[in-house]
2 protein chains.
Amino acid sequence: MTHISISIIGTGNMGQALADLAGKGGNTVELIGSSGVDKAVTSDIVVLAVPYPAVGQVIAQRGAQLAGKVVVDITNPLNFETFDSVTVPADSSAAAELPDSRAVKAFNTNFAGTLTTGTVGGQPTTVLLAGDDADTKALLAGVIMAAGLRAVNAGGLKRAREPAALGFLQLTLAAGEKTSWTGGFTLAQ
Amino acid sequence: MTHISISIIGTGNMGQALADLAGKGGNTVELIGSSGVDKAVTSDIVVLAVPYPAVGQVIAQRGAQLAGKVVVDITNPLNFETFDSVTVPADSSAAAELPDSRAVKAFNTNFAGTLTTGTVGGQPTTVLLAGDDADTKALLAGVIMAAGLRAVNAGGLKRAREPAALGFLQLTLAAGEKTSWTGGFTLAQ
């Protein structure tokens, strides 16, 4: 497998879980927190592991650096004050707003714990990928599968809204103790 | 358990699977096809097991009969010509349009095969219920659990759009052979 470099912006539980996951395949991983805001990202893949409201800020700060890179948006459009979903244009996601980048929506239906363990309810954790560029999705799928998880192509960026809805539903179910933070939805084959 | 009568309108694979499921708990079940359009429904629970575009027609035909009953909407707002999701008002579903009824959105994230077998990927099949009336959801949950499946309260009707998105995503994944028609998403605990 080609050696891939991955920058993860955001050091929360998702950022840490993704750094762990990406490292399993022998890739070069850097985890960038708020103190690294002045450090330019040069990796093949840049993961925006920040809450949805912060995506715009990261894009504003790093727009030129992100041009041409694979940019992975893991966010769900969630209002963290009301814990309600935020209405976004039906055919877009935060990643779709990125200029001149190969955007993929991914990991937004996965809890951090299931990325680390690689299993949900006895099945391999499934990562849904939505994006318009097939090569980009294949590159990211390779990183995911090298860590022992499943990667499933959920379609183009137009399809990003359905995984986002699934991710939001899963958050509300976990918050309501209808599922656990190490559980959630899994895709049977 | 209280004896419950259930009318299922629609004799497709979902209607038949739901009739089978509802009968397992010893309830009285009637399955009504297009030849039964003149037969009034008098059951406690009425399940609209018809495709989304037909819901409006059933409501127009049976509006008065449905008043006060538990009406279960299993549909996903899907355009069957383009196999694309249909934009509906964010906070509504077909069931929300029913006048004076206790509407529940349910079974729209379940494939017929998994209602019949009661399992998905080694877990009990989970039915997500969205509705505004707690007693109504509890009644329907009882029918589901009596058949050995899991019922999970996904919130009010406002939450019906997220299961709808999950259901649509699942259909596209099955159509694309990313999961099977006896598989799909399951909720781990």
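A quick yes/no check of all residues on (1) at the interface with chain A (Cβ under 10 Å from one of its Cβ atoms); (2) part of a helix (DSSP H, G or I):
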site: B:137; (1), (2): no, yes
site: B:144; (1), (2): no, yes
site: B:154; (1), (2): yes, no
site: B:160; (1), (2): no, yes
site: B:163; (1), (2): yes, yes
site: B:169; (1), (2): yes, yes
site: B:180; (1), (2): yes, no
site: B:186; (1), (2): yes, no
| request: Taking residue B:96 as meeting all but one of (1) at pLDDT below 90; (2) within 13 Å of chain A (Cβ to nearest Cβ); (3) not in a loop (DSSP other than H, G, I, E, B), write down the number of the exception. | output: (2)
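Yes/no matrix, rows are residues, columns are (1) touching a His at 6+ places or on another chain (Cβ under 7 Å); (2) open to solvent by 10 Å² or more (accessible area, probe 1.4 Å); (3) modelled with pLDDT of 90 or more; (4) within 19 Å of residue B:147 (Cβ to Cβ):
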| site | (1), (2), (3), (4) |
| --- | --- |
| B:1 | no, yes, no, yes |
| B:15 | no, no, yes, yes |
| B:20 | no, yes, yes, yes |
| B:31 | no, yes, yes, yes |
| B:42 | no, yes, yes, no |
| B:46 | no, no, yes, yes |
| B:49 | no, yes, yes, yes |
| B:53 | no, yes, no, no |
| request: Consider residue B:175 carefully, then state whether it is open to solvent by 40 Å² or more (accessible area, probe 1.4 Å), small (Gly, Ala, Ser) and more than 11 Å from chain A (Cβ to nearest Cβ). | output: no
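Checking the structure you have, find out if any residue of segment A:74-83 is buried (at least 19 other Cβ atoms within 10 Å of the Cβ), in contact with a Gly (Cβ under 6 Å, 6 or more places away or on another chain), at pLDDT below 95 and assigned to a loop (DSSP other than H, G, I, E, B). Break it down stepwise before answering.
Applying the first criterion (buried (at least 19 other Cβ atoms within 10 Å of the Cβ)) to segment A:74-83 yields A:74-78.
Pick out the ones that are also in contact with a Gly (Cβ under 6 Å, 6 or more places away or on another chain) and you get A:76.
Now drop any that are not at pLDDT below 95, which leaves A:76.
Of the ones still in play, those that are also assigned to a loop (DSSP other than H, G, I, E, B) are A:76.
Yes: segment A:74-83 contains one or more residues that are buried (at least 19 other Cβ atoms within 10 Å of the Cβ), in contact with a Gly (Cβ under 6 Å, 6 or more places away or on another chain), at pLDDT below 95 and assigned to a loop (DSSP other than H, G, I, E, B).
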| Regarding residue B:35, is this residue assigned to a helix (DSSP H, G or I) and small (Gly, Ala, Ser)? | yes
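Can you name every residue in segment B:104-122 that is surrounded by 19 or more Cβ atoms within 10 Å (Cβ to Cβ) and at pLDDT 90 or above?
Step one: list which residues in segment B:104-122 are surrounded by 19 or more Cβ atoms within 10 Å (Cβ to Cβ), which gives B:104-112, B:114-115, B:120-121.
Hits for segment B:104-122 are B:104, B:105, B:106, B:107, B:108, B:109, B:110, B:111, B:112, B:114, B:115, B:120.
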| note | Only unsatisfied item for residue A:129, checking (1) more than 9 Å from every other protein chain (Cβ to nearest Cβ); (2) surrounded by 18 or more Cβ atoms within 10 Å (Cβ to Cβ); (3) assigned to a helix (DSSP H, G or I), is (3)
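Working only within segment B:101-119, note down all residues that are part of a helix (DSSP H, G or I) and under 15 Å from residue B:141 (Cα atoms). Outline the logic, then answer.
Here is the first cut: in segment B:101-119, the residues part of a helix (DSSP H, G or I) are B:112-117.
B:115, the sole residue that qualifies.
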| Subset of segment B:144-163 [buried (at least 21 other Cβ atoms within 10 Å of the Cβ), in contact (Cβ under 8 Å) with a residue 40 or more places away in the chain and among the basic types (Lys, Arg)] | B:161
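The values are calculated or read from the model by the stated rules, or taken from the named source; none is laboratory data. This is a predicted model, so every value here is computed, not measured. Here Cβ is always computed from backbone atoms with ideal geometry, including for glycine, and neighbour counts include all displayed protein chains. Quick note on the areas: whole protein, heavy atoms, side chains included, nothing else; ligands and nucleic acids left out. Shrake-Rupley method; radii C 1.70, N 1.55, O 1.52, S 1.80 Å.
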